[in-house]
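Contents: one structure, followed by commentary.
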Amino acid sequence: MGKVRKAIIPAAGMGTRFLPATKAMPKEMLPIVDRPTIEYVVQEAIESGIEDIIIVTGKGKRAIEDHFDNNFELENNLMKKEKYDLLEKINKSANVEIHYIRQKEAKGLGHAVWCARKFIGNEPFAVLLGDDIVQAEKPCLKQLIEQYEETRSSIIGVQRVADEDTHRYGIIDPKTTQGQRYQVSNFVEKPEQGTAPSNLAIMGRYILTPEIFDFLGKQETGTGGEIQLTDAIQKLNEHQTVFAYDFDGKRYDVGEKLGFIRTTIEFALNNEEIGEDVRKILKELVLDKEVVKE
Ligand code: UTP
C-alpha cells in the first residue's frame, strides 16, 4: 500500500456542548485567540505532508468553506490600508486546496468518515478531528505517518488520561508494547467508569487502511446511538493488525467548554502580541476579590 496522501477532517457535529454559541456558528470556527480551531488542524495536516484534504461539513457549517476561500473585498481593503501582515494571515488559509462533503445528518463520527469514502478510494488515509489541537515539535500526524511507513498498518494516536476521565474517551486494551507503539487487543468506546482496560485514550488523530470502510458501511450504531469510529476500528483489528501510538506533544480538547477556555488562556499567554498583557490581566483577576469569590 502506498503513501498517506489524503486526510479527512470531520466537522459536521452539532456542537451541543457549546449551545447557544453553536446554533448558527460551527464549533470548529470558534477562535483560539485569533485563529479558528480548524485552521490549526488543517495546518498540522499540511505540515505532515498531506496533499489532499476533505472536510466533512453539515448544516450551518458554511463559515468553514468561506474561511478557506478568497475574500477579494477584504483583501482589497487590507491592501489599500497597507495592512500586509493581516493580508498574509488571511491568505495563508485561502491558499490551501480543500474539498468538502456534507454529512446530511449527524449520525456520529464513524458515519462522517464513511461519507468521505469515495474521495479516499483504495488507499491509506488520515483522520484529524476538527476540534482537537495538538502542539508538538514534530506534528502529531507526521509521527503517525512515520509509524504507518514502518508497519503498513492502521495507527491510532493515543495519550494517557487520568483514571477518572477514561469514560469520556475511546480506550485501548494494549497487548504488547514496542517503545511508544502498542499492539492492541481491544478498542472500547467510552467505557463505564471503573471498567476501562487502560488509561490510554484515543486522541483525534488516526491513520487508517481503506478496509475500515467495509465495517463503517455496516452502519451499526454504538454508544449514544451513534455510528462510532472506535467500533469499526475494533472490527478492523479482528481482521488486520491495528496499532496505537503514544505520540509526543500536548493535545488540547477544544470541543468542550473547560478545554476550550484552558486552551484559549494558554495560547493567549504564549502569544507574542498580547501574552504579557494577558498575564497582567489574569493576575489582576485572580487577586480581585470581587471577581474571584472564595
Ligand atoms: P464531537 O462529539 O466532539 O462533536 O465529535 P459534536 O458531536 O459536535 O459535539 P457535542 O457532543 O454535540 O458537543 C468530534 C468531531 O467529529 C465531528 C465533530 O464535528 C467534531 O469535530 N462529528 C461528530 C461529525 O463530523 N459528525 C458527527 O455526526 C459527529
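Classify region 15-61 as rounded, prolate or oblate from the Cα gyration tensor: take a ≥ b ≥ c as the square roots of its eigenvalues, call it rounded if a/c is under 1.5, otherwise prolate when a/b beats b/c and oblate if not. Don't jump to the answer; show the numbers that get you there.
Details: a/c = 3.45, a/b = 1.74, b/c = 1.98.
Since a/c reaches 1.5 but b/c is at least a/b, the shape of region 15-61 is classed as oblate.
Counting pairs of alpha carbon atoms under 8 Å apart in space and at least six apart in sequence, what relative contact order in percent does region 98-200 give? Provide the component values of the computation, followed by the final result.
Values: 89 pairs, mean separation 19.4, N = 103.
This gives 19 percent for region 98-200.
Looking at region 29-183 only, what percent of DSSP beta bridges run antiparallel? Nearest 5 please. Don't skip to the answer; put the middle values down first.
Numbers: 5 of 10 bridges.
The antiparallel proportion sits near 50 percent.
For region 1-124, calculate the relative contact order in percent as a whole number, restricting contacts to Cα pairs under 8 Å that are 6 or more residues apart. Numbers along the way, then the final one.
Details: 150 pairs, mean separation 46.5, N = 124.
Rounded, it is 37 percent for region 1-124.
Carbon and sulfur atoms: what percent of the 1.4 Å accessible area of the chain do they account for? Before the final figure, lay out each step's value.
On the way: 7570 of 15600 Å².
Answer for the chain: carbon and sulfur cover 49 percent of the accessible area.
Peptides 141-151, 183-193, 15-25: what's the order by average Cβ count within 10 Å, highest mean first?
Details: 141-151: 19.1, 183-193: 17.2, 15-25: 13.5.
Answer by packing, highest mean first, reads 141-151, 183-193, 15-25.
Students often get this wrong, so check it: of LYS104/LYS250; LYS23/LYS89; LYS61/LYS190, which have C-alpha atoms separated by over 31 Å?
Working: LYS104/LYS250 33 Å; LYS23/LYS89 27 Å; LYS61/LYS190 27 Å.
From LYS104/LYS250; LYS23/LYS89; LYS61/LYS190, over 31 Å: LYS104/LYS250.
Mean residue ellipticity at 222 nm from the helices of the chain, using -39,500 (n - 2.57) per DSSP H segment of n ≥ 4 over the full residue count, to the nearest 500 deg cm²/dmol? Write out the running numbers ahead of the final one.
Numbers: 11 runs with 100 residues, N = 294.
Counting only the DSSP helices, I get -9500 deg cm²/dmol.
Gap in Å between the Cα centre of region 75-119 and the Cα centre of region 1-66?
Between the Cα centre of region 1-66 and that of region 75-119, the gap is 8 Å.
Considering only protein heavy atoms, what is the solvent-accessible area of ASP277 at a probe of 1.4 Å, reported in Å² to the nearest 10?
80
Please figure out what share of the DSSP beta bridges in the chain is antiparallel and state it in percent, rounded to the nearest 5. Kindly include the intermediate steps, with their values, before the conclusion.
Numbers: 27 of 45 bridges.
Percentage antiparallel, nearest 5: 60.
So what is the relative contact order for region 159-294, in percent, with contacts set as C-alpha pairs under 8 Å and at least six apart? Don't skip to the end; give the middle numbers.
On the way: 162 pairs, mean separation 28.7, N = 136.
So the answer I get is 21 percent.
Loop only by DSSP, 15 or fewer other Cβ within 10 Å of the Cβ. Give me the GluC sites (Glu not before Pro) in region 218-262 that pass, ordered by residue number.
Numbers: sites: GLU220, GLU226, GLU238, GLU256; in loops: GLU220, GLU226, GLU238, GLU256.
Qualifying residues, ordered by number: GLU220, GLU238, GLU256.
Which aspartates and glutamates have a Cα less than 20 Å from the Cα of LYS107, not counting those fewer than 8 places away in the same chain?
Qualifying aspartates and glutamates at Cα under 20 Å: GLU28, ASP131, ASP132, GLU189, ASP214, GLU220, GLU226, ASP231, GLU256.
GNM, the chain, Cα, under 10 Å: largest mean-square fluctuation among GLY217, GLY110, GLY170?
Maximum among the listed residues: GLY217.
If you count only protein heavy atoms with a 1.4 Å probe, what accessible area per residue comes out for the chain, rounded to a whole Å²? Mind showing how you got there, number by number?
Details: 15600 Å² over 294 residues.
Ligands and nucleic acids excluded, the result is 53 Å² per residue.
The values are calculated or read from the model by the stated rules, or taken from the named source; none is laboratory data. Given the structure is predicted, the values throughout are model-derived calculations rather than measurements. Backbone-built Cβ (ideal geometry, glycine too); neighbour counts: all protein chains shown. These accessible areas exclude ligands, DNA and RNA; they are computed on the full protein's heavy atoms, side chains included. Shrake-Rupley method; radii C 1.70, N 1.55, O 1.52, S 1.80 Å.
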